[in-house]
Amino acid sequence: MRPEPAPLRPNGRPLGRYAIMAVVNRTPDSFFDRGATYAFEAALAAVDRAVAEGADIVDIGGVKAGPGEDVDTAEEMRRVVELVAAVRDRHPGVVISVDTWRAEVGEAVAAAGADLLNDTWGGPDPRLAEVAAAHRIGLVCAHAGGVAPRTRPHRIGYDDVVADVVRHVTAEAERAAALGVPRDAILIDPAHDFGKNTRHSLEITRRLGELTATGWPVLVAVSNKDFIGETLGQPVEKRGVGTMAVLGVSAWLGARVFRVHDVAGARRALDAVAALAP
């Protein structure tokens, strides 16, 4: 029998063993939806669909992860703050996450009702954890190998990528807790493909148990990513099956939160894993 997972309460309410985080991008140039949810009403409708399909968390982003048009702090806030406030009013029980590395954005969305700050770039602004602590909201501590946000490093290397990930994310998590972020609202994320090549992302997936063994809840954000496409030789629109396979492996190895584009499909896949678990 597997041990019960540690409590995870990013908004004060406990999440189950497998929680789904739905991606909602207010960006005109997202790699996956290519701006389909950039308009305010389209983004709000996407949140409604995700919640109806079983999302526990909605992750709102205002800046494309990869290289592209510059988005300054003011523009990022224009894209996300009003949406956070609207979602908070419309869905009082859902966990609202905001994908940002900027402390100023974190402050604004926390005031608007966000429950979780999702720093996918591994802490380039150490003040973001201070914002989460001041507002007593959650924080995702990720690993990007020290690269600058929105960059794709050439030929990045690690002596042991998993050891590097574990060292960094656990240190960030402990720092956040020491600052006052609630321990049951902190997650760690190996950040597949961020500061990593396909070989690194596959290695992290195979050895994900080393992250779950730290005791911190693990978030995996693998949906339709390049390492899946490169492994299977598939373009972004044909990576769904590969995504579900990686989600299943990650759940079996102990991951707790799954950031996805296909909420309904992910829910079915994770329900199957849950039925198989002893």
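Condition check for V222 on (1) more than 18 Å from the chain's Cα centre (by Cα); (2) not in a helix (DSSP H, G or I): one failure, at (1). Looking only at residues in the stretch 254-278 that are within 14 Å of R17 (Cβ to Cβ) and open to solvent by 60 Å² or more (accessible area, probe 1.4 Å), the one that is farthest from the chain's Cα centre (by Cα) is P278. Cβ separations smaller than 6 Å between residues 6+ apart or across chains give the following pairs from the stretch 261-277 residues that are closer than 12 Å to G240 by Cβ to residues that are of a type outside the set (A, V, I, L, M) and assigned to a helix (DSSP H, G or I): A269/G248.
So, in the stretch 238-278, of the ones that are in a strand (DSSP E or B) and of a type in the set (A, V, I, L, M, F, W, C), which residue ends up nearest to V24 (Cα to Cα)?
To start, the set of residues in the stretch 238-278 that are in a strand (DSSP E or B) comprises 257-260.
From what's left, of a type in the set (A, V, I, L, M, F, W, C): 257-258, 260.
Values: V257: 16, F258: 14, V260: 10 Å.
It comes out as V260.
When each of A144, A173 is tested for being in a helix (DSSP H, G or I) and either among the acidic types (D, E) or surrounded by 18 or more Cβ atoms within 10 Å (Cβ to Cβ) (or both), the lone residue that passes is A173.
Taking the criterion of being in a helix (DSSP H, G or I) and out of contact with any Gly (no Cβ under 8 Å at 6 or more places or on another chain), the residues of the stretch 228-237 that qualify are E230, E237. In the set V181, V131, V105, which member is open to solvent by less than 10 Å² (accessible area, probe 1.4 Å) and in a helix (DSSP H, G or I)? Result of the check over V181, V131, V105: V105.
Please find, within the stretch 237-248, the residue that is surrounded by the fewest Cβ atoms within 10 Å (Cβ to Cβ) out of those that are modelled with pLDDT of 95 or more and more than 17 Å from the chain's Cα centre (by Cα).
The initial filter retains those residues of the stretch 237-248 that are modelled with pLDDT of 95 or more, namely 238-248.
With more than 17 Å from the chain's Cα centre (by Cα) added as a condition, the list becomes 238-242, 245.
Numbers: K238: 13, R239: 24, G240: 18, V241: 11, G242: 19, A245: 15.
Ranking the candidates gives V241 first.
The listed residues are G122, G138, G61, and the only one of them that is open to solvent by less than 20 Å² (accessible area, probe 1.4 Å), at positive phi and under 19 Å from the mean Cα position of the chain (by Cα) turns out to be G122.
The values are calculated or read from the model by the stated rules, or taken from the named source; none is laboratory data. Just so it is clear, the model here is predicted, and its values are computed rather than measured. Using ideal geometry, Cβ is built from the backbone for each residue, glycine included, and neighbour counts are taken over all protein chains shown. Heads up: the accessible areas ignore ligands, DNA and RNA and are worked out on the full protein's heavy atoms, side chains in. Shrake-Rupley method; radii C 1.70, N 1.55, O 1.52, S 1.80 Å.
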